[in-house]
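Asker: Dumping the structure here so I can ask a few things about it.
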Amino acid sequence: MKKHLLIILATSIALVSCSKNKEPQNYLGTEGWLQNEIEPPQETPVEPSYYYVNTLDGVNVRDIPGGNKIARLPFDEKVRFLENGKYEEIDGYHKNWIKIRTDAGAEGYVYGAYLSEAIEDAQKFRRNEQLGKAFPWLENYEDIFRKNGVNIDTSPYNIGNNEELYHLYPDQENSIEFLFYSTFDQEKGIPGNFLYMVQIYNNDEYYPDFLPFKIGDPVEEVYRYFGPQNATYFSDGPWWADTDIRMKVETENDRIVKVIITKCGW
């Protein structure tokens, strides 16, 4: 009986002590770990002092978010961050408008999707932005081949074990070449052709309009738009695609002589 009274008395003292100090009480959480009733304070994200315009076409500066255009900035332009504006969905992005100040002293708002914290991030944005346009460009040629009776297979998983590339209808003037893998659709029992690579040699009507440089340009132009020589010129494919896009340029005397666009990633 004495022991029971001592235990009860000790418990009462502990409870009184906790209520007086008003310390946060601990409890066993769902995973059995000792947790605290009070959530730890959340860290406030630190905004960068400067941003860089990332989109190839440049970006508008507006007087208010979504308001009148007051200036236009070219890609890689450096601007000072002032404050965050309203949150909005534009062009599939979910970002804040950002109030900025240019080197010339002009102030206004730029949509946050078109600003990057570093030059390297801006170059990566342009790689995805421009090379992402290769998908509809390739699909257009796949449709042309279909109209000419070629069975186009868009699934890389139907490529056979003999992964030997072959040319199909290369242009006679050697301005563009299409390279395919042979495929076989097991479910349908149909052979087909997977467009794997396109090689471009001239700036004629075949040249992709989404690339900001041309055959014959200094290779430095590629680095200026898409990043340094050791960068991977790569674009994530859309969610519905089984492939991504890679781009390579070949040079002679530091000038572009060939552009290669390849499907990859499976």
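The values are calculated or read from the model by the stated rules, or taken from the named source; none is laboratory data. Keep in mind it's a predicted model, so treat the numbers as computed, not measured. In this analysis, Cβ positions are derived from the backbone assuming ideal geometry, glycine residues included, and neighbour counts consider all displayed protein chains. Keep in mind that these areas ignore ligands, DNA and RNA; they rest on the heavy atoms of the full protein, side chains included. Shrake-Rupley method; radii C 1.70, N 1.55, O 1.52, S 1.80 Å.
Asker: Would you mind stating whether residue 125 is farther than 30 Å from residue 192 by Cβ, among the hydrophobic types (A, V, I, L, M, F, W, C) and not in a strand (DSSP E or B)?
Answerer: So residue 125 fits the description; yes.
Asker: Right, here's the next one. Can you tell me which of 216, 149 is over 29 Å from residue 125 (Cα atoms), at pLDDT 90 or above, assigned to a loop (DSSP other than H, G, I, E, B) and not basic (Lys, Arg)?
Answerer: Going through 216, 149 in turn, the sole match is 149.
Asker: Turning to a different aspect of this structure: Among the residues of the stretch 235-258, count how many are at pLDDT 80 or above and either surrounded by 12 or more Cβ atoms within 10 Å (Cβ to Cβ) or aromatic (Phe, Trp, Tyr) (or both).
Answerer: Total satisfying the criteria: 12.
Asker: Working only within the stretch 62-99, note down all residues that are in contact (Cβ under 8 Å) with a residue 12 or more places away in the chain, open to solvent by less than 80 Å² (accessible area, probe 1.4 Å), closer than 22 Å to residue 126 by Cα and not in a strand (DSSP E or B).
Answerer: 74, 75, 76, 77
Asker: Identify all residues within the stretch 72-99 that are under 14 Å from residue 58 (Cβ atoms) and not basic (Lys, Arg); write none if there are none.
Answerer: Within the stretch 72-99, 73, 74, 75, 76, 77, 79 meet the criteria.
Asker: On to the next question. Go through (1) touching a residue at least 24 places away in the same chain (Cβ under 8 Å); (2) farther than 28 Å from residue 226 by Cα; (3) surrounded by fewer than 14 Cβ atoms within 10 Å (Cβ to Cβ) and name the single condition residue 159 misses.
Answerer: Status for residue 159: all satisfied but (3).
Asker: Here's another thing I want to ask about it. Just give me the residues in the stretch 100-114 being assigned to a strand (DSSP E or B) and touching a Ser or Thr at 6+ places or on another chain (Cβ under 9 Å), in sequence order.
Answerer: 108
Asker: Taking the criterion of being among the polar types (S, T, N, Q), open to solvent by 10 Å² or more (accessible area, probe 1.4 Å) and out of contact with any strand residue (DSSP E or B) (no Cβ under 9 Å at 6 or more places or on another chain), would at least one residue in the stretch 127-136 satisfy it?
Answerer: Scanning the stretch 127-136, I find no residue that is among the polar types (S, T, N, Q), open to solvent by 10 Å² or more (accessible area, probe 1.4 Å) and out of contact with any strand residue (DSSP E or B) (no Cβ under 9 Å at 6 or more places or on another chain), so the answer is no.
Asker: Cβ-Cβ below 7 Å, separation at least six or inter-chain, first residue in the stretch 184-211 and closer than 25 Å to residue 55 by Cα, second open to solvent by less than 60 Å² (accessible area, probe 1.4 Å) and basic (Lys, Arg): which pairs?
Answerer: Listed pairs, sorted by first residue: 200/258.
Asker: I'm trying to understand the selection: among the residues of the stretch 161-183, which are modelled with pLDDT under 80 and in a loop (DSSP other than H, G, I, E, B)?
Answerer: Those that are modelled with pLDDT under 80 and in a loop (DSSP other than H, G, I, E, B): 161, 162, 163, 164, 165, 168, 169, 170, 171, 172, 173, 174.
Asker: While we're looking at this one, here's another question. Of the residues 199, 186, which single one is within 25 Å of residue 148 (Cα to Cα), at pLDDT 90 or above and of a type outside the set (A, V, I, L, M, F, W, C)?
Answerer: Every option except 199 fails the conditions.
Asker: Out of everything in the stretch 113-124 that is of a type outside the set (A, V, I, L, M) and surrounded by fewer than 20 Cβ atoms within 10 Å (Cβ to Cβ), what residue ends up being nearest to residue 61 (Cα to Cα)?
Answerer: So, considering only residues that are of a type outside the set (A, V, I, L, M) and surrounded by fewer than 20 Cβ atoms within 10 Å (Cβ to Cβ), the one nearest to residue 61 (Cα to Cα) is 117.
Asker: In addition: Can you confirm whether residue 109 is in contact (Cβ under 8 Å) with a residue 24 or more places away in the chain, surrounded by 18 or more Cβ atoms within 10 Å (Cβ to Cβ) and more than 17 Å from the chain's Cα centre (by Cα)?
Answerer: So residue 109 passes the test.
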